[in-house]
Amino acid sequence: MKPADVRAMSADQLKDELAKLKKEQFNLRFQKATGQLEKSSRVTEVRKDIARVKTIARQKAAEAKA
């Protein structure tokens with residue numbers, strides 16, 4: 001997910017995207033624990049996407065406040 005794509009989202013869309021990514025992260029952790037994980041790099045991608053969404057959501061909240 002590119003930062004430009006995330007910046008184009010509204011606050012509600014960011015919340016939905018964050019929930020979706022958290023759910024995917026949870027599923028990936030279970031796959032890793034059971035030995036079913038095929039693409040281990042996806043865990044890192046999801047972590048970075050979560051951080052990106054949280055950062056941009058915080059920035060948008062600060063802009064709205066100011």
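The values are calculated or read from the model by the stated rules, or taken from the named source; none is laboratory data. Since we're looking at a predicted model, the values are computed, not measured. Counting neighbours? That spans all protein chains shown, and the Cβs are built from the backbone with ideal geometry, glycine included. All accessible areas refer to the heavy atoms of the entire protein, side chains included, with ligands and DNA or RNA removed. Shrake-Rupley method; radii C 1.70, N 1.55, O 1.52, S 1.80 Å.
Some observations on this one:
- Neighbours by Cβ (under 6 Å, 6+ apart or cross-chain): first from region 12-34, in contact (Cβ under 8 Å) with a residue 40 or more places away in the chain; second among the small types (Gly, Ala, Ser): 14/57
- Against the list (1) hydrophobic (A, V, I, L, M, F, W, C); (2) modelled with pLDDT under 95; (3) out of contact with any helix residue (DSSP H, G or I) (no Cβ under 7 Å at 6 or more places or on another chain), the condition residue 26 fails is (2).
- Of all residues making up region 29-60, the number that are surrounded by 12 or more Cβ atoms within 10 Å (Cβ to Cβ) and among the small types (Gly, Ala, Ser): 1
- The single residue among 9, 1 that is touching a helix residue (DSSP H, G or I) at 6+ places or on another chain (Cβ under 7 Å) and open to solvent by 70 Å² or more (accessible area, probe 1.4 Å) turns out to be 1.
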